[in-house]
Structure formats: C-alpha cells, structure tokens
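**Student:** The structure's right below; bear with me while I get my questions together.
Where a number appears in this text, it was derived from the coordinates with a stated rule and is not lab data. Here the structure is a predicted model, which is why all the values come from computation and not from measurement.
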Amino acid sequence: KLDGIANEMADEQIAWYVALGRTGHAPAAVEAGLRTALATRGLNWSLRRVPEGFQIVSYSLFMRPPANQPIEHVLLSDGFSTVSVYIEKRGNPVNAGAYRLGAVNVETAALSDHVVTVMGEVPAKTVGLIASGIQPKAPAP
C-alpha cells in the first residue's frame, strides 16, 4: 500500500512542479528524484559510502515470518548493476564477514543491535565499502 500512496503523492507533486515551471530539469528527472525522496522517507539509516554512480532506486519494509520481524531493504543501482542492503534487528550474535555465493558478493556486519547484509553482483570491494558506510540517522531536531 505504501508504494501506491508514494506513487500517487509523487504524481501530484510532479504535476505541480511542471505546471508551475519550478524546475529546469526534465520531468523524468524530477519524477525520479521525488519518487526516491518519498520512498526513502521512512529510512532510518544513512548510506555514507556509496560508490559514485550508484543511487537508491527503492526502499521497502517487510515482515519476516514467523515472528514478523521487520526487515528494511534498500536497492541501489548504477543503471547496470544492483546492490541490495538488508537491515534487521537481531538479538543473537552475528557472524560478520564477507563471502561469495556464485557471482554474488555478500558482506554481513553487526551494527549495535542490528545486522546489515549487503549483496550484489559487484566486486567484493563495492559491497564492503557500502556496508562500512551504513550508520543510523541522527534524530531530527
């Protein structure tokens, strides 16, 4: 449902920006920026070490059964490759480290009481860089 609401809000904002002539950018660029901003408004994490060219293309929050544990998913892309970032709260110790599953490089890290898993068909250095830059956002003043 959130994706539908975000899309409706983005469509309305794009129409206003274009109608008022408040942007010098192409409507597609405005739309992409607004959709990203709306989709990530619930994201409580900063991604401080994302390689040049990569940007957030989607954000979702889903529940993992059977305990309905929330998991945040951020999808990054440079237009060719994608990297998934999963953030979940954990009470158990985590086996942090890097490994490979076929063509997919994976890095898992403990971050206070959360587990961060970054994975993608990109070099191991890329997933490691992204994982090392994930931090909780500072609370709003």
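**Student:** For segment 59-118, treating each Cα as an identical point scatterer without solvent, what Debye log10 I(q)/I(0) comes out at q = 0.19 1/Å?
**Tutor:** For the requested q values the scattering log ratios are -0.79.
**Student:** Along segment 118-129, what does the Karplus equation 6.51 cos²θ - 1.76 cosθ + 1.60 (θ = phi - 60°) give for ³J(HN,Hα), rounded to whole Hz, x for Gly and Pro?
**Tutor:** So the Karplus estimates, Gly and Pro as x, are 10, 8, x, 7, 9, x, 4, 4, 5, 5, x, 4 Hz.
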